[in-house]
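Please read the structure below before turning to the comments.
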Amino acid sequence: YFKEVYAILSSKFKLGRVRILLKEPRTTLSWHRDPERRLHIAIKTNFGARMFIEHTGYHIPADGNIYLTDNTKYHTAINGGEEDRIHLVATVLNTK
């Protein structure tokens, strides 16, 4: 299944690193910037899992959609819930 998802994503975007990220309950990342944008597909999430990009918080639902985040801006991710947050995350080098 991941091979199929990768084929679809790479047909639309020039991808760098693709990985599965786990954010355990009641954990957070540091406030930081990355050199590129990212694609997120939530596999498992909860309402307390949020991503903050500059001044705005987002919940990325596990609805099968692809979400493009601008990680070149300051951001963080938190999991304030009681269940794991699991996302497929792909680095976008540029759009095709």
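Per 0.36 nm of contour for each residue apart, how much would the distance between PHE47 and ARG26 grow if the chain were fully extended, relative to their Cα-Cα spacing?
Between PHE47 and ARG26, full extension yields an extra 6.3 nm.
Can you tell me the relative contact order of the chain? Whole percent, Cα pairs under 8 Å, sequence separation 6 or more.
Contact order relative to length: 45 percent.
For LEU15, what residues show an amide H to amide H distance below 5 Å, using hydrogens built from the backbone and excluding near sequence neighbours?
Excluding prolines and chain starts, which carry no amide H, the hits are LEU93.
Karplus couplings for segment 52-57 from phi (6.51 cos²θ - 1.76 cosθ + 1.60, θ = phi - 60°), rounded to Hz, Gly and Pro as x?
10, 10, 6, 9, 10, x
Of the options PHE52, THR72, SER10, report the single residue whose Cα projects farthest towards the positive end of the charge dipole of segment 6-96 (beta-carbon charges: Lys, Arg +1; Asp, Glu -1).
Sorting the options by dipole projection puts first SER10.
Helix-only estimate, please: 222 nm mean residue ellipticity of the chain, summing -39500 (n - 2.57) across DSSP H runs of length 4 or more and dividing by its residues, to the nearest 500. Kindly include the intermediate steps, with their values, before the conclusion.
Values: 1 runs with 11 residues, N = 96.
Result for the chain: -3500 deg cm²/dmol, rounded to the nearest 500.
So for the chain, taking the charge dipole from beta-carbon charges (+1 Lys/Arg, -1 Asp/Glu), which of THR28, ASN94, HIS40 sits furthest toward the positive end?
ASN94
Over all Cα pairs of the chain, how is the pair count split among 10 Å bins, expressed in % and running from 0 up to the last occupied bin?
Whole-percent P(r) values from 0 Å outward: 17, 50, 30, 4.
Suppose every K and R has +1 on its Cβ and every D and E has -1 on its Cβ; what is the size of the dipole of segment 1-57 about the Cα centre, in Debye to the nearest 20?
It comes to approximately 100 debye.
Treating the angle as unsigned and between 0 and 90°, give the value, to the nearest 10°, between the Cα long axis of helix 2-12 and the longest Cα principal axis of the chain.
For helix 2-12, the angle is close to 70 degrees.
Tell me, what HN-Hα J-couplings in whole Hz come from the Karplus equation 6.51 cos²θ - 1.76 cosθ + 1.60 at θ = phi - 60° for each residue of segment 73-88, using x for Gly and Pro?
Going residue by residue, I get 8, 4, 7, 8, 10, 10, 10, x, x, 9, 10, 4, 10, 10, 10, 8 Hz, with x marking Gly and Pro.
Mind listing the long-range amide H neighbours of ILE60? Cut-off is under 5 Å, sequence gap 5 or more, other chains count too, H placed in the peptide plane at 1.01 Å from N.
Excluding prolines and chain starts, which carry no amide H, the hits are MET51.
Grab the other residues whose beta carbon is less than 11 angstrom from that of GLY81, score K and R as +1, D and E as -1, and report the net.
Residues near GLY81 contribute +1 overall.
Which lysines, on any chain, are close to LYS23 with Cα under 28 Å apart, when same-chain ones fewer than 8 places away are left out?
Filter leaves LYS3, LYS12, LYS14, LYS44, LYS73.
If the chain between GLU4 and GLU83 were fully stretched, how many nm would it gain, using 0.36 nm times the residue separation less the Cα-Cα distance?
Additional length available on full extension: 25.8 nm.
With θ taken as phi - 60° and the coefficients 6.51, -1.76 and 1.60, list the Karplus ³J(HN,Hα) couplings across segment 38-45 in order, rounded to whole Hz; mark glycine and proline as x.
9, 9, 10, 10, 6, 9, 9, 8
Can you tell me which of LYS14, LYS23, LYS44 moves the most in a GNM of the chain? Springs connect C-alpha atoms under 10 Å apart.
Result for the chain, Cα springs under 10 Å: LYS14 fluctuates most.
Computed from the coordinates by the stated procedures, all read-outs in this text should not be read as laboratory data. Owing to the predicted nature of the structure, the values given are computational and were not obtained by experimental measurement. Virtual Cβ from ideal backbone geometry, glycine too; neighbours counted across all protein chains shown.
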